[in-house]
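Novice: This is the structure, below, for whatever I ask next.
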Amino acid sequence: MKKTLLSFAIFGLLFSPKMFAAVDPANVATQFICNGENIKIPNAAAGTTYEISYSANPTPTPNDPITPTVGPSETTFAPKGTGYYYIAVKNSTTNCISDWQEIPVYVLDPLTISPTVADYCGPNASTTTFTSTVSAKDQNAQDANIAYQWYSVDNTSSAETKITGATNATLVPVATTAGVYKYKLKYAYYFNNKYYCAGDSGVLNVTVSDLPTKPTITIESPVSGI
């Protein structure tokens, strides 16, 4: 009986969920990449090359090799999905290979956010709110993992200027003078103090109108005299 319990204990230790855990996006060691983008790393030092492999779960013996593309300064390769990427350095002369470096990588699903703006009358600026709706995001991205920044866009030069403090999903405009104003919303995932999968709304046109002149009406007498 003791031998059986010991066997189960060893099995549980070797095959515990922690050992074979999927990549945790909340882990500060996790690296992120957008779906459809390549992973980029600096080129190996002169006289060496990289050995690169993939595993969906942590392993001391990765065996799913990846053939990268070596450019002038960067080595790139297409990710095989969320998982663990292993990189070792191989000496081109001796063929000696270093230990593996394990890099947990989380592949983010696309982020799509659609803002809604509306024309308004100048005095009503403070009661007008532009909103935005998240129509597609990664299942593990929380509200705190989405960053927003609203911009004003110059009508003539199209220069974009950050609106100070406008880092929420909504924006209350401040323009009260009649005219056409242009805005843009930029957004991205935000994990471990870095931005990923940035997108923007394109230019949004808003027309601000003056109120009609206040009327000065006199009620006519119902009779012309007596």
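Novice: Tell me, what is the FRET efficiency for Ser92 and Ser135 to the nearest 0.05, using R0 = 45 angstrom and their Cβ-Cβ distance as r?
Specialist: 0.35
Novice: Taking only C-alpha pairs under 8 Å that are 6+ residues apart, what is the relative contact order of the chain in percent?
Specialist: 17 percent
Novice: I've got another one for you. What distance in nm lies between label points placed 7 Å from Cα along the C-beta direction at Asn124 and Glu160?
Specialist: Between Asn124 and Glu160, the simple spin-label model gives 2.9 nm.
Novice: Which residue, Gln101, Ile226, Tyr183, has the largest displacement toward the positive end of the dipole of the chain when charges sit on each Cβ (Lys, Arg +1; Asp, Glu -1)?
Specialist: Most positive-ward Cα: Gln101.
Novice: Might you list the cysteines of the chain that have no disulfide-compatible partner by the rule of another cysteine's Cβ under 4.7 Å?
Specialist: Flagged as lacking a Cys partner: Cys96, Cys121.
Novice: Follow-up question, since we're still on this one. Take Asn57 and Val203, extend 7 Å from each Cα along the Cα→Cβ direction, and tell me the distance between the two endpoints in nm.
Specialist: Simple spin-label model gives 5.4 nm for this pair.
Novice: Something else: Work out the length of the dipole vector of the chain about its Cα centre, built from +1 on the beta-carbon of each Lys and Arg and -1 on the beta-carbon of each Asp and Glu, and round it to the nearest 20 debye.
Specialist: 580 debye
Novice: Then there is this: Can you give the FRET efficiency for Thr177 and Val223, using 1/(1 + (r/R0)^6), R0 = 35 Å, r = Cβ-Cβ distance, to the nearest 0.05?
Specialist: 0.15
Novice: Considering only protein heavy atoms, what per residue accessible area in square angstrom results for the chain with a 1.4 angstrom probe?
Specialist: Ligands and nucleic acids excluded, the result is 65 Å² per residue.
Novice: What's the carbon and sulfur percent of region 119-161's accessible surface, probe 1.4 angstrom, rounded to a whole number?
Specialist: Roughly 43 percent of what the probe reaches on region 119-161 is carbon or sulfur.
Novice: Right, something else. At 10 °C and a viscosity of 1.306 mPa s, what translational diffusion coefficient does Stokes-Einstein give for region 92-226, taking Rh as the Kirkwood radius over Cα pairs? Give it in µm²/s as a whole number.
Specialist: 84 µm²/s
Novice: Right, something else. In region 20-81, carbon and sulfur make up what percent of the accessible area (probe 1.4 Å)?
Specialist: Accessible surface attributable to carbon and sulfur in region 20-81 totals 53 percent.
Novice: If we sort 57-68, 89-100 on the protection proxy, mean other Cβ atoms within 10 Å, highest first, what's the order?
Specialist: In decreasing order of mean packing, 57-68, 89-100 become 57-68, 89-100.
Novice: May I ask for the net charge around Trp150, where only other residues with Cβ less than 14 Å from the Cβ of Trp150 are counted and Lys, Arg are +1 while Asp, Glu are -1?
Specialist: Taking every other residue near Trp150 into account, the sum is +2.
Novice: Then there's this: Karplus couplings for region 213-226 from phi (6.51 cos²θ - 1.76 cosθ + 1.60, θ = phi - 60°), rounded to Hz, Gly and Pro as x?
Specialist: 5, 4, x, 10, 10, 10, 6, 5, 5, x, 10, 8, x, 9
Novice: Something else: Per Stokes-Einstein, at 37 °C and 0.692 mPa s, what whole-number D in µm² s⁻¹ belongs to the chain, with the Kirkwood radius over Cα pairs as the hydrodynamic radius?
Specialist: Rounded, D is 144 µm²/s.
The values are calculated or read from the model by the stated rules, or taken from the named source; none is laboratory data. Treat the numbers as computed from the prediction; the structure is a model and nothing was measured. Cβ sites come from the backbone with ideal geometry, for glycine too, and all protein chains shown count toward neighbours. To get the accessible areas, we keep the full protein, side chains included, count just its heavy atoms, and leave off ligands, DNA and RNA. Shrake-Rupley method; radii C 1.70, N 1.55, O 1.52, S 1.80 Å.
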